[in-house]
Amino acid sequence: MIDGSAELTTIGEALDSLLADGVAVGSARNASDLIRSVESCARRLRALQIEAQAELEAAGVYATDGFVSAKAMTRHCARLSPAGAASRERGARMSATLPLVWSALQAGELGVDQFDLLGRVHSNPRVRPHMVDAQEWFLRLASRLSFVDFETEVRDWERFADEDGPEPRNSIRHETRNASLLHDTIDLGWQLKGSFAAMQGANIDEIYGHYVSAERLADWEKAKAERGEAATAADLPRTEAQRRADALWQVFQDAAKSDNTACGAEFAHNIVWNQPTFEEALRRLSGEEPQRLDPADVVCRTLDGVCLEPVEAAANALVSKMRRVVVDAAGVVIDLGRARFFTGGARLAAQLSDQHCSWPGCSVPTSRCEIDHTLDHAHGGRTNPGNGGPFCGKHNRHKQKGFTVWRDPVGEWHVLRPDGSPIE
C-alpha cells in the first residue's frame, strides 16, 4: 500500500498536457482507437475511485471529521450526487465478492456503466450469492454486447435468479392493471395513462410500434414527394412525438372499423423461446414442482428483445398460434429456401438473428428494420436466414458504399470498412 500522491500528481500532469495540446483524429479507425484508449483510462480511474472508497471505509478515518460514513465523506469532498456516492459504495462492496468483475474493471476491460449495473444487481441480497458463479458469463456478455443489450440480459438473469421476485411482482402488476383517459377541463386536452403486466404490455408495445412506423413512413413519403431524394428528417411534417400521438389515435380508429387496419389480417405477435424455458414454463403451468433453470439459459422475449414472464407467456401460447423455428448450435436459423425476397417465415427467421439493427452501435428495433442479403442475391447469395439479417433503412443503404457485412460461425456480425479494417 502506498500513499499515491506522487503517482496521482504524474497522472494529473499527463492529463493537463493532453487537454492543453488536444488529440488528433485522422480517420474513423483512429477515432475508434482513441475512444477505446480514453475509455480504458477512465475505467481504471473508476477502479481507483472505488479502491479509495473501500480503503476509507476500512480505515474509518471519516469519523474524525464527524462524517457518519465513508459514503458521506466522499459525497461531500467530491461534490457527488447521492446516486454517484451510492454507486461507489456498491462498487466497493461488490469488489470484495466478485474478484473477476473487479479485476476486469481494474484492467480497463469492463465498462463503468456495466460495472455500475452489476453493482445495482449485487445490492439485491437474494441474487448476490448466484453472481459468484456467473462472473465469467457477465464478462463475456459485456465484451460483445452494447450496454442496452447487456442490461437486458443482466436484468433478465436477475429476474430468474430471484425466485421470490419475478412471478409475484408480475402477478401483482396484472391484478392492478389499469388504463385511464383524463380530461383537462381548463384547456380541454386529454391524457392517456396505463399500466400492464409483461405479456399485455409487450403485445401492446409491438402493435403500437407497428403503427408508429406506419406514421413515420407516411411522413417520409410526403417529404420525398415534395423534396425528392434530397429530403431529410428536417423536412418531415410532424415531430416524433406528434407521430406517436397520431399512431395511437389511428389504433383507436382502426378498432372502430374492420376494413382499415395498419397491422393487417396477417399480423402476429411473436414470442422467442428456447426449449428448456418453454418446457419448464409448461411444467409450472400444469402445477408440477418447479425446477430451477440457470438464469443465463432462460430465453422468453419478443422479437425486439422485450423480456416476458415465461409462465404467463406459455399460458398465452396455449391459446394462440405459434411458429416453430429450428436453429443451429450458434442460434442461427437454418435454411428456409431460395426465394428472391425475405417474406413470411424467412423474414421472421432472419429477424430472429438480432434484437435490433445489426450495424455496430445502431439500436433501431428489428421489427422496424429491413431484411436484406449479406451476400447479394445477384451474386449468388441465398435467401436463407444465414445470409440475411435486420438492418435499418440507413445502414442497409450504407452497405452500398463499399462496406462489407458478414456473419461468423458463432453468429456474430462483423462490418468491414472499405479499406478492410473492422468497425469494432
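The values are calculated or read from the model by the stated rules, or taken from the named source; none is laboratory data. These numbers were taken from a predicted model, which means no experiment stands behind them. Cβ placement follows ideal geometry from the backbone for every residue including glycine, while neighbour counts extend to all protein chains displayed.
Data overview
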quantity: Test: residue in the range 207-215 that is modelled with pLDDT of 90 or more, over 14 Å from D246 (Cβ atoms) and surrounded by 14 or more Cβ atoms within 10 Å (Cβ to Cβ); calculated: no
quantity: Residues satisfying the stated conditions in the range 274-289, i.e. touching a residue at least 12 places away in the same chain (Cβ under 8 Å) and part of a loop (DSSP other than H, G, I, E, B); calculated: N274
quantity: Unmet criterion (only one of (1) at pLDDT 70 or above; (2) buried (at least 17 other Cβ atoms within 10 Å of the Cβ)) for G402; calculated: (2)
quantity: Unique residue being among the acidic types (D, E), loosely packed, with under 11 Cβ neighbours inside 10 Å and under 23 Å from A313 (Cβ atoms) when the list is E175, E151; calculated: E175
quantity: Residue match in the range 132-139 (condition: in a helix (DSSP H, G or I) and closer than 21 Å to R36 by Cα); calculated: yes
quantity: The range 90-105 residues that are under 12 Å from E136 (Cα atoms), paired with ones that are among the β-branched types (V, I, T) and surrounded by fewer than 22 Cβ atoms within 10 Å (Cβ to Cβ) (beta carbon under 7 Å, 6 or more apart); calculated: L98/V132
quantity: L303 vs. criteria in contact with a Ser or Thr (Cβ under 6 Å, 6 or more places away or on another chain) and at pLDDT below 90; calculated: yes
quantity: Close pairs (7 angstrom Cβ cut-off, 6 or more residues apart or separate chains): assigned to a strand (DSSP E or B) in the range 402-424, charged (D, E, K, R) and surrounded by fewer than 14 Cβ atoms within 10 Å (Cβ to Cβ) anywhere; calculated: H414/D408
quantity: Top-ranked residue in the range 105-156 [being charged (D, E, K, R) and more than 19 Å from the chain's Cα centre (by Cα); ranked as farthest from N170 (Cα to Cα)]; calculated: E109
quantity: Filter result (exposed (fewer than 15 other Cβ atoms within 10 Å of the Cβ) and either not assigned by TED's automatic domain parsing to the domain that holds P360 or not aromatic (F, W, Y) (or both)) within the range 405-422; calculated: D408, P409, V410, E412, H414, L416, P418, D419, G420, S421, P422
quantity: Close pairs (6 angstrom Cβ cut-off, 6 or more residues apart or separate chains): on the phi < 0 side of the Ramachandran plot in the range 214-230, among the aliphatic types (A, V, I, L, M) anywhere; calculated: A214/A262; E215/A247; D219/L236; A223/A231; A223/L236; K224/A231
quantity: Residue in the range 108-129 that is touching a residue at least 24 places away in the same chain (Cβ under 8 Å), over 24 Å from K71 (Cα atoms) and out of contact with any helix residue (DSSP H, G or I) (no Cβ under 8 Å at 6 or more places or on another chain) present; calculated: no
quantity: Near pairs, Cβ below 8 angstrom, 6+ apart or cross-chain, from the range 15-39 (in a loop (DSSP other than H, G, I, E, B)) to any residue that is exposed (fewer than 11 other Cβ atoms within 10 Å of the Cβ); calculated: none
quantity: Qualifying residue in the range 166-178 (condition: of a type outside the set (K, R), at pLDDT 90 or above, on the phi < 0 side of the Ramachandran plot and in contact with a strand residue (DSSP E or B) (Cβ under 8 Å, 6 or more places away or on another chain)); calculated: yes
